[in-house]
Amino acid sequence: MEKKKRGSALIKFSVTIPTRKMHSIFMRDKLPTVQIRGFTLIELLVVIAILAVLATAVVLVLNPAELIKQGRDSTRISDLAALNSAIALWV
């Protein structure tokens, strides 16, 4: 309890500092009650399955090993064509 002097009269006042418990009690009455709901297990599994299918499709379309293999095949075909031309000129 603190005292302040105003003019010649003493005025007494008290300050109540709200604690965490008091704050939650007061705020419970003022805030609307909203029930927060998370995702269900089925929803999470469906999303994971969709992502797996998409990842598989991307890997099959953009397979780096297949691209390297196609590059080597085209190089070999080109070398064989050059060798065929050289043999044809020699004979």
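Descriptive notes on the structure:
- Cβ-derived FRET efficiency at R0 41 Å, ALA52 paired with ALA88, nearest 0.05: 0.20
- Extension reserve of the SER78-ILE42 stretch, reckoned as 0.36 nm per residue once the Cα distance is removed: 7.6 nm
Values quoted throughout were computed directly from the atomic coordinates according to the rules given, and no laboratory measurement underlies them. No experiment lies behind these values; they were computed from the predicted model shown. Reconstructed Cβ throughout: ideal geometry from the backbone, glycine too, with neighbour counts over all protein chains shown.
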